[in-house]
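Read-outs throughout are calculated quantities, based only on the coordinates presented, and are distinct from any laboratory measurement. In this text the structure is predicted, and so the values were computed from the model without any measurement. Counting neighbours? That spans all protein chains shown, and the Cβs are built from the backbone with ideal geometry, glycine included.
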There are 2 protein chains.
Amino acid sequence: MATGVRQRSTAAQRRDTVLRTAVAAFAARGYYGTSTMEVAAAAGISQGYLYRLFKDKQTLFAAVVDHCSDRLRESVAAAAATARSTEPQDVLEALTASYDEVIADRELLMILLHAQGCAGEPVIGEAVRRCYARQVEYVRAVSGAAEQQIRRYFADALLSNVMVAIDAAAVDAPWARTLRA
Amino acid sequence: MATGVRQRSTAAQRRDTVLRTAVAAFAARGYYGTSTMEVAAAAGISQGYLYRLFKDKQTLFAAVVDHCSDRLRESVAAAAATARSTEPQDVLEALTASYDEVIADRELLMILLHAQGCAGEPVIGEAVRRCYARQVEYVRAVSGAAEQQIRRYFADALLSNVMVAIDAAAVDAPWARTLRA
DNA sequence: CCGTCTTGTGGTTATCCACTCACCAGTCTC
DNA sequence: GAGACTGGTGAGTGGATAACCACAAGACGG
């Protein structure tokens, strides 16, 4: 029949599309709140095959975190390219200024947020720490900034993350305006 | 029998003990990852009665968040009392300095972290925003600090939160040292 | 001491979930 | 074109889970 012309991919390709679609699935309700069936459906494969591609749910989620770690670094790299100079100050300023655009990728943001919550699961905790390690070292390398400045950058970034997560942008109240300022 | 001498409380009292014990239950694996049975067991009541005390799981979790909001404010108030003067700068410094002690209450921290993740659930999102609103306005009132300074305080606090959540204190690597600095 | 109100308990149900396994169908190799 | 390999499915399994309900038992007012 017509559907005989079924798309077949290599396992590696499939793994990749699964990771990309799984981001959207997990973003909404996190690790515990999302079933492997939902993830499989989002990727357009059977749940059975999902378990052939990934050992178990925890490994799958950790892989999703790693994938997001990549995406985040790419985003930040693009932001770094907008700096006026290679002076540490200028680079960090550019990063901070365009961080809003980085987290306009809401799915990415939500995955990282959820991942922090279930960092207690050993495999996932590892992935989260790996993500932070890469982020910090990348920012350090690209900016050459001092510890204090880098710390400040991450603190600001985390605040922005939360503001987006709790949809504070839609709130017109003093507290929200203060944290946005 | 001896157990005939069963403790009986008013519903209000029970509600309170449930909230206190539920904090520990939800802290480990968050809203989605924790069953109502676990919460009931931790409070020493039947699951059925839990549903008499709280309409549903979402309402229960939102109440837990509100309870944590109280606990957090008390903690911060205690920290504010250690300030050298009532100058905004001094008060905020005192708050920041003793924030580590505030989040030594790991359960409280984890609840707030998990709550951010499921702020998409309407009832819970409301509770989280309420929590931030009270926190910000309390810090503003007790310190009299300017918007920028308050914002900085919260950004630092959030970074500390994450460091604890992902157990970065146990990591001996440059990135972890940078973020702790 | 009786009726009523509230605290509190099992048990039930319908659904869902992580994970497994037997099996089908292209495709590559010799 | 046979045999082996790999992509992929669908139906299960055992256990958990949110929410409901009928009913028990202690307290309390009259």
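Mind checking the angle between helix B:57-80 and chain B's longest principal axis? C-alpha axes, 0 to 90 degrees, to the nearest 10.
Between helix and principal axis, roughly 40 degrees.
Just to be sure I understand the model, the point goes 7 Å from the Cα along the line to the Cβ. What's the resulting A:ARG73 to B:GLU137 distance in nm?
Going from the A:ARG73 label point to the B:GLU137 one covers 4.4 nm.
Measuring label to label, 7 Å along Cα→Cβ, what does B:SER9 give against each other copy in nm, shortest first?
Its label point is 5.2 nm from the equivalent points in the other copies.
With the label 7 angstrom out along Cα to Cβ, how close does A:THR96 come to the same site in each of the other copies, in nm, nearest first?
Going from nearest to farthest copy, the values are 1.3 nm.
Which one of A:ALA77, A:PHE61, A:ALA43 is farthest out on the positive end of the charge dipole of chain A, using unit charges on Cβ (Lys, Arg +1; Asp, Glu -1) and the Cα centre as origin?
A:ALA43
Using unit Cβ charges (K, R positive; D, E negative) and no other charged atoms, how large, in debye to the nearest 20, is the dipole of region A:9-180 about its Cα centre?
440 debye
What's the magnitude of the charge dipole for the protein assembly as shown around its Cα centre, counting Lys and Arg as +1 and Asp and Glu as -1 at the beta-carbon? Answer in Debye, nearest 20. Kindly include the intermediate steps, with their values, before the conclusion.
On the way: 42 positive and 40 negative charges, 248 e Å.
Dipole of the protein assembly as shown, to the nearest 20 debye: 1200 debye.
To the nearest whole number, what is the average tally of beta carbon atoms from other chains within 10 Å of the beta carbons of peptide A:152-160?
Mean partner-chain Cβ count within 10 Å for A:152-160: 6.
Using a 10 Å cut-off around each Cβ of peptide B:104-115, what is the average number of partner chain Cβ atoms that fall inside?
2
If packing is taken as the average count of other Cβ atoms within 10 Å, what order do B:157-163, B:100-106, A:146-152, A:122-128 fall into, highest mean first?
Ranked by mean Cβ neighbours within 10 Å, highest first: B:157-163, A:122-128, A:146-152, B:100-106.
Could you give the angle, 0 to 90 degrees to the nearest 10, between helix A:88-97's Cα long axis and the longest principal axis of the Cα atoms of chain A?
For A:88-97 against chain A, the angle is about 60 degrees.
What whole-number distance in Å separates the alpha-carbon centres of region A:70-122 and region A:152-181?
Each part reduced to its Cα centre gives a spacing of 15 Å.
Taking beta carbons within 10 Å but only from partner chains, what does the mean come to for residues B:165-176?
5
Suppose you put the label 7 Å out from Cα in the Cβ direction; list, shortest first and in nm with one decimal, how far A:ASP56 is from each other copy's label.
Copy-to-copy label distances at A:ASP56, shortest first: 3.1 nm.
Looking at chain B, what % of the alpha carbon pairs are farther apart than 28 Å?
Within chain B, distances greater than 28 Å cover 34 percent of Cα pairs.
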